[in-house]
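K.L.:
Structure in structure tokens, see below.
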Amino acid sequence: MTISMTPPATTPAATSAALVLEDGTTYRGRAYGATGTTFGEIVFSTGMTGYQETLTDPSYHRQIVVMTAPHVGNTGVNDEDPESDRIWVSGYVVRDPARRVSSWRAQHSLGEELAGQGIVGISDVDTRALTRRLREEGVMRAGIFSGDDLVRGGYPRPVEELVAEVQASPQMAGADLAREVSTTEAYTVEPATVNPAEYGAGKAPIATVVAVDLGIKTMTPVRLAERGVRVVVVPQSSTIADVEAALPDDGTPTGVFFSNGPGDPGAAGHEVELLRAVLDRGIPFFGICFGNQLLGRALGYGTYKLGYGHRGINQPVLDRTTAKVEVTAHNHGFAVDAPLDEEGSAAPHDGGRYGRVVVSHVGLNDRVVEGLTCLDLPAFSVQYHPEAAAGPHDAAYLFDRFVGLMTNPAAWPPAIKSPHSAAQINTEENH
């Protein structure tokens, strides 16, 4: 299937671009950012703002991102908003890029930033039609080809040849990617640096957390440090000995955090074993996004690939411990397969050695598991991004919940308060 959106004849050939899906669907447009060839799993993001945070989120590693908002790039790019030190998306698809930057904070345009970092993109694409196709058929592999890469021997390359290259590119299922985006050296984020007004006069941190970087966003340790927590960020390859060595032994509250990140949780064997070692030692644990999927696997639940995932900043989630609905920021293509049992049921791993677990958060669009809470261990997780970069701030309380878990463990676990029964929420299979 070919959907033609050929640029006007006056457009130089060097700016022509094609987006090719693995099912053969082809969209024609113009090069945006760098020219060349790129491959990745093509996904769509429904956020109408926060494109700079999206581009620099390591969870998008090896993915081509389609923006459903029709006009992208108005506020340009600055050096304050990135969530990491580089752009991680493998490709970028927009309908109508801004012709002029309009923000006092902008330091350069989005197109300049993409080109400067070698990110191959395409514009002038009907992103509404593309998004509908991905919703109907599911996310798939894709490639963007532009400039000289669309030509061979002076003639346009056959679409069949481009499709074959896409089909030969790696799939996301089975991909172990956290090691590719993680820090290689440990570093510390201090409360005194982030919140000097309260912690700058020699006041000691209220707790220390070891954050395992699986693709961590910059704002995540900042949100913890704002609350008085010293955060030691360690590489994905860390062992339980490395984690324990980074925790103080003076009796002050401690915890372990697993971040967001890219790839298939089913391929993350090292991370699952590390997390089980944390649970075995009774260290308070909090995980988000990829960290939620890893907690699910550590507890013995399965994970599965969603048809087209959750990516955006407008996803409604029910917190069953407060009976409140919050609008949340998401970026995930996998989910945990756990029962919506309000009373909690024994986790399957090793004959139930981790005790009872309850699904604490449920997605209201499709009843996907959005959070887990251990009732007999000091551990919980959510599937979304409470650091709100970019996104709503409804879920910021989760960092307070983690602080409370470390400083007042006697108050754990929170009770389920939701009036919604499992039957009401889950009238059919939740995946």
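The values are calculated or read from the model by the stated rules, or taken from the named source; none is laboratory data. If you're wondering where the values come from, they're calculated on a predicted model, not measured in any experiment. Counting neighbours? That spans all protein chains shown, and the Cβs are built from the backbone with ideal geometry, glycine included.
K.L.:
Mind checking whether some residue in the range 360-382 is surrounded by fewer than 22 Cβ atoms within 10 Å (Cβ to Cβ) and outside any loop (DSSP other than H, G, I, E, B)?
P.N.:
No.
K.L.:
Mind checking whether some residue in the range 326-333 is surrounded by fewer than 21 Cβ atoms within 10 Å (Cβ to Cβ) and either in contact with a Ser or Thr (Cβ under 6 Å, 6 or more places away or on another chain) or among the hydrophobic types (A, V, I, L, M, F, W, C) (or both)?
P.N.:
So far as the range 326-333 goes, yes, one or more of its residues are surrounded by fewer than 21 Cβ atoms within 10 Å (Cβ to Cβ) and either in contact with a Ser or Thr (Cβ under 6 Å, 6 or more places away or on another chain) or among the hydrophobic types (A, V, I, L, M, F, W, C) (or both).
K.L.:
Pick from the range 37-49 the residues that are farther than 12 Å from Leu19 by Cα and among the small types (Gly, Ala, Ser): which of them is surrounded by the most Cβ atoms within 10 Å (Cβ to Cβ)?
P.N.:
Ser45
K.L.:
Where the second residue is of a type in the set (D, E, K, R) and the first is in a helix (DSSP H, G or I) and lies in the range 131-157, which pairs have Cβ atoms under 9 Å and are six or more apart or on separate chains?
P.N.:
So the pair list comes out as Arg133/Asp23; Glu137/Asp23; Asp149/Arg157; Leu150/Arg157.
K.L.:
Right, something else. Restricting the search to the range 227-273, which residues are in a loop (DSSP other than H, G, I, E, B), under 24 Å from Glu370 (Cβ atoms) and of a type in the set (D, E, K, R)? So that I can check it myself, show each step before the final result.
P.N.:
The initial filter retains those residues of the range 227-273 that are in a loop (DSSP other than H, G, I, E, B), namely 227-228, 235-239, 247-253, 259-264, 268.
Retained after the next criterion (residues that are under 24 Å from Glu370 (Cβ atoms)): 227, 236, 259-264, 268.
The answer is Arg227, Asp264.
K.L.:
Could you say whether any residue in the range 155-169 is among the basic types (Lys, Arg) and under 25 Å from the mean Cα position of the chain (by Cα)?
P.N.:
No.
K.L.:
Every residue in the range 260-308 that is of a type in the set (Phe, Trp, Tyr) and buried (at least 23 other Cβ atoms within 10 Å of the Cβ), please. Steps first, answer last, please.
P.N.:
Step one: filter the range 260-308 for residues of a type in the set (Phe, Trp, Tyr), giving 285-286, 290, 301, 304, 308.
Result: Phe285, Phe286, Phe290.
K.L.:
Go through (1) farther than 18 Å from Ala388 by Cβ; (2) at pLDDT 95 or above for Gly344 and report which single condition fails.
P.N.:
Unmet condition: (2).
K.L.:
Something else now. Quick check on my filter: what residues within the range 95-119 are among the basic types (Lys, Arg) and either in a helix (DSSP H, G or I) or crowded, with 18+ Cβ neighbours inside 10 Å (or both)? Write out each step before concluding.
P.N.:
First pass over the range 95-119, keeping only residues among the basic types (Lys, Arg): 95, 99-100, 105.
Selection gives Arg95 alone.
K.L.:
Within the range 195-204, does at least one residue satisfy the condition of being charged (D, E, K, R), assigned to a helix (DSSP H, G or I) and touching a helix residue (DSSP H, G or I) at 6+ places or on another chain (Cβ under 7 Å)?
P.N.:
no
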